[in-house]
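Presented below is the structure to which this report refers.
No value in this document is a laboratory result; all are computed from the given coordinates. As the structure is a computational prediction, the values presented were derived from the model and not from experiment. Cβ atoms come from the backbone with ideal geometry, glycine included; neighbour counts cover every protein chain shown.
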Amino acid sequence: MLRSLFIIFFFQLLGEAIQKFFEINIPGPVIGLILLLLVFIFFIKNASPFRKIKKEISETSHQIINYLSLLFVPIGVGVVMHINYLGDNLFKILAIIIIGTLSTLVFVAYVMEKIINLEKNNAKRR
């Protein structure tokens, strides 16, 4: 578990360094996660010594996800600290949340409909 934590944090650090160096607007951990994914896809393949590392990283990431809710505590505190700002802009914030949620639902429904139709067409051709 320690080795896999080191690998995860190394890629996070690498992503942070790339983000700061190139002044990219994408968060460093996201860049690190993409780099880790690319390493898994292109470099490691299915070589047997790396299967163990992939499995360890998968198990460690599942353990980290179990404690993910703890990361939302600081966000909740930040929201409470800015409650006056929220009260002043309540209707704007609610409008953004509702519009964002509805547009996401419409987009996902559209994509799912396209995928289902594509699968039906592929099934008919067979």
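Can you run phi through the Karplus equation (6.51, -1.76, 1.60; θ = phi - 60°) for the stretch 24-31 and list ³J(HN,Hα) in whole Hz, with x for Gly and Pro?
8, 7, 8, x, x, x, 5, 4
Select from 121, 43, 65 the residue farthest towards the positive end of the dipole of the stretch 18-126; place +1 on Cβ of Lys and Arg, -1 on Cβ of Asp and Glu, and compute about the Cα centre.
Going by the Cα projections, it comes out as 121.
Which value, in debye to the nearest 20, gives the size of the charge dipole of the stretch 76-126 about its Cα centre, when Lys and Arg are +1 and Asp and Glu are -1 at the Cβ?
540 debye
Under the classification rounded if a/c is under 1.5, otherwise prolate if a/b is larger than b/c and oblate if not, where does the stretch 1-100 fall, given a ≥ b ≥ c as square roots of the Cα gyration tensor eigenvalues?
Because a/c hits 1.5 or more and a/b exceeds b/c, the stretch 1-100 counts as prolate.
Which of rounded, prolate or oblate describes the stretch 72-126 when judged by the alpha-carbon gyration tensor and an a/c cut-off of 1.5?
It comes out oblate by the Cα gyration axes.
Each residue of the stretch 7-21 in turn: what ³J(HN,Hα) in whole Hz from Karplus with 6.51, -1.76, 1.60 and θ = phi - 60°, glycine and Pro shown as x?
Whole-Hz 3J(HN,Hα) from phi for the stretch 7-21: 5, 4, 5, 5, 5, 5, 4, 4, x, 4, 5, 5, 5, 6, 5.
What number comes out for the charge environment of residue 119, summing +1 per Lys or Arg and -1 per Asp or Glu over other residues with Cβ under 14 Å away?
It works out to a net charge of +4.
Can you show me the helix-derived [θ] at 222 nm for the chain, built from DSSP H runs with n ≥ 4 at -39,500 (n - 2.57) apiece and divided by the number of residues, rounded to the nearest 500.
The helix contribution divided over the chain gives -27000 deg cm²/dmol.
Order of 101, 60 from fewest to most other C-beta atoms within 10 Å?
Neighbour counts put them in this order, fewest first: 101, 60.
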